[in-house]
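Trainee: Please see the structure below; I have some questions.
The values are calculated or read from the model by the stated rules, or taken from the named source; none is laboratory data. Fair warning: this is a prediction, and the values are worked out from it, not measured in the lab. Every residue, glycine among them, receives a Cβ derived from its backbone with ideal geometry; neighbour counts consider all protein chains shown. Heads up: the accessible areas ignore ligands, DNA and RNA and are worked out on the full protein's heavy atoms, side chains in. Shrake-Rupley method; radii C 1.70, N 1.55, O 1.52, S 1.80 Å.
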Amino acid sequence: MPLLLAVATPAFAAKGSGHPTVEGRVQELFHQEEAPLNQRHELEAGSGLEWEEGNGEATFEMPLHVEYGVTDAFQIQGEVGLSPESEQPTLEEGSMGARLALLMDAERRLVVSTGAKVLALRDSPAASMRPGVSPFMLAYKELGPVGINVSVAADLLPSSGGRDATVHPDLGLGAVVGDGVLRPKVEAAFRNEQGTNTGIFAPGLYVNPVESLEVGVSMPWRLKSDGENSLGVSALVTWSGGSSD
C-alpha cells in the first residue's frame, strides 16, 4: 500500500496543479474496463442490450453501469447484468469498485490506472450467485487517430456453497479509430464466462451525436472451450455530464 500511494501521488498532484487530463476515444467499451477515468464530478451512466445466438438458442442480457469521478484521478463505479427474458428480471452478475490513476501523461496521451471490484456472479445460468473480488490493471495509449486500451484482471472466487475456490483470468485489447461522429472499434478478449473459457472478437461502431451522448453497436463472436461457439449483437447507450471542467 505505501508503494501504491507513492506511485499514485504524482497523479493527484497533477490534478491539483491544473494538469490536463486524458480522455479516451469513447466513454465505455463493451468487453473491458477503459483506462481513462471520468473527470472530477463527472457522472457517467449507461444501459443497453446484449443478444446472443448459439446452438439454436437465443439469450438476452441488459447491462447497466454508473461511474462517478471523485477527483480527476479517482472514481467509483458499479454495474449489473440483468436477464429480461422473464416477467421478473433476474440478476446475472453485479459489481462495485473503485479505480485510481497511476499515470496521466497528456503530452504522450498515456494513462495507466488500477482498481478492484467486489463481485457477485454465476458460474452457470442455473447456479446460485457467488461472491468474489477482481483486481485489475489498465493502460491506454493514443497512436495517431487510434486509441488503444489494454486490460488485465483476475476474478478471485473463494470456495462457497460447496464450490471450490478458483481464479479466472480476464484479458482485453481494444482499439477505437477517430474522434468524429462515427468511430469504428474492434475488441478482443479472453475470459471465463459462466464456467467456460471464452475468446471474444468483436468489431463495432460508435456514434457520438453530441458530446454528452454515445451510442455503440458491437457484434461479438465467442469461441468457447466447450465447442459451443456463438454470434451476438450488443448495443450500448452512455450519457456523461457534470464535470467541473
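Trainee: So if we plug the beta-carbon distance of residue 146 and residue 126 into 1/(1 + (r/R0)^6) with R0 = 51 Å, what FRET efficiency do we get, rounded to 0.05? Spell out each step's value before the answer.
Mentor: Values: r = 41 Å, r/R0 = 0.81.
That gives a FRET efficiency of 0.80.
Trainee: What number comes out for the charge environment of residue 221, summing +1 per Lys or Arg and -1 per Asp or Glu over other residues with Cβ under 12 Å away?
Mentor: -1
Trainee: Distance from a point 7 Å along Cα→Cβ of residue 91 to each backbone N in segment 109-135: keep the residues under 19 Å and list them by number.
Mentor: Within reach of a label on residue 91, which here means backbone N under 19 Å from a point 7 Å along Cα→Cβ, segment 109-135 contributes 117-134.
Trainee: Moving on to the next point. Quick one: length gained pulling residue 205 to residue 70 fully straight, 0.36 nm per residue minus the C-alpha distance? Could you put the intermediate results ahead of the total?
Mentor: Numbers: separation 135, 0.36 × 135 = 48.60 nm, distance 2.95 nm.
Fully extending the segment from residue 205 to residue 70 adds 45.6 nm.
Trainee: Mind ordering 32-39, 149-156 by average Cβ neighbours within 10 Å, highest first? Don't skip to the end; give the middle numbers.
Mentor: Values: 32-39: 24.8, 149-156: 19.1.
For the peptides 32-39, 149-156, the packing ranking is 32-39, 149-156.
Trainee: While we're looking at this one, here's another question. Percent relative contact order of segment 75-229, based on C-alpha pairs within less than 8 angstrom and at least six residues apart? Let's see the in-between values first.
Mentor: On the way: 362 pairs, mean separation 18.5, N = 155.
For segment 75-229, the relative contact order is 12 percent.
Trainee: With equal scatterers on the alpha carbons only and no solvent term, can you work out the Debye log10 of I(q)/I(0) for the chain at 0.08, 0.09, 0.13, 0.15 1/Å?
Mentor: Debye intensities relative to I(0), on a log10 scale: -0.30, -0.39, -0.82, -1.10.
Trainee: Taking the Cα centre of segment 128-244 as origin and charging only Cβ (+1 Lys, Arg; -1 Asp, Glu), how large is the dipole, in debye to the nearest 20?
Mentor: On the way: 8 positive and 11 negative charges, 22 e Å.
Rounded to the nearest 20 debye, it is 100 debye.
Trainee: Percent of Cα-Cα pairs per 5 Å bin, from 0 to the last occupied bin, for segment 147-245, please list those.
Mentor: The percentages, shortest bin first, are 3, 11, 16, 18, 17, 14, 10, 7, 3, 2, 0.
Trainee: Using 1/(1 + (r/R0)^6) with R0 = 45 angstrom and r between the beta carbons of residue 215 and residue 108, what's the FRET efficiency to the nearest 0.05?
Mentor: Working: r = 30 Å, r/R0 = 0.66.
Approximately 0.90, to the nearest 0.05.
Trainee: How much accessible area per residue does the chain have, counting only protein heavy atoms and a probe of 1.4 Å, in square angstrom?
Mentor: Values: 12010 Å² over 245 residues.
Ligands and nucleic acids excluded, the result is 49 Å² per residue.
Trainee: Shifting gears a bit: With the Cα gyration tensor of segment 32-131 in hand, give its eigenvalues times 5 under a square root as the equivalent ellipsoid semi-axes, listed largest first in whole angstrom.
Mentor: Numbers: eigenvalues 197, 40, 33 Å².
With the √(5λ) rule applied to segment 32-131, the semi-axes are 31, 14, 13 Å.
Trainee: Distance from a point 7 Å along Cα→Cβ of residue 164 to each backbone N in segment 218-240: keep the residues under 20 Å and list them by number.
Mentor: 225-226
Trainee: Please give the Cα centre distance for segment 161-199 versus segment 24-76, rounded to the nearest Å.
Mentor: Going from one Cα centre to the other spans 12 Å.
Trainee: Still on this structure, I have one more. Using Cα-only point scatterers and the Debye equation, what is log10 of I(q)/I(0) for segment 124-181 at each q in 0.13, 0.14, 0.22, 0.31 Å⁻¹, rounded to two decimals?
Mentor: -0.52, -0.57, -0.86, -1.20
Trainee: Calculate, in whole percent, how much of the Cα-Cα pair population of segment 205-245 lies beyond 13 Å. Write out the running numbers ahead of the final one.
Mentor: Numbers: 529 of 820 pairs.
Beyond 13 Å sits 65 percent of the P(r) for segment 205-245.
Trainee: Related question: Could you look at the chain and say what percent of its accessible area is carbon and sulfur, using a 1.4 Å probe and all protein chains?
Mentor: Details: 7790 of 12010 Å².
Carbon and sulfur together cover 65 percent of it.
Trainee: What's the FRET efficiency of residue 133 with residue 60 using the Cβ-Cβ distance as r and R₀ = 25 Å, to the nearest 0.05?
Mentor: Values: r = 28 Å, r/R0 = 1.10.
My answer for the efficiency is 0.35.
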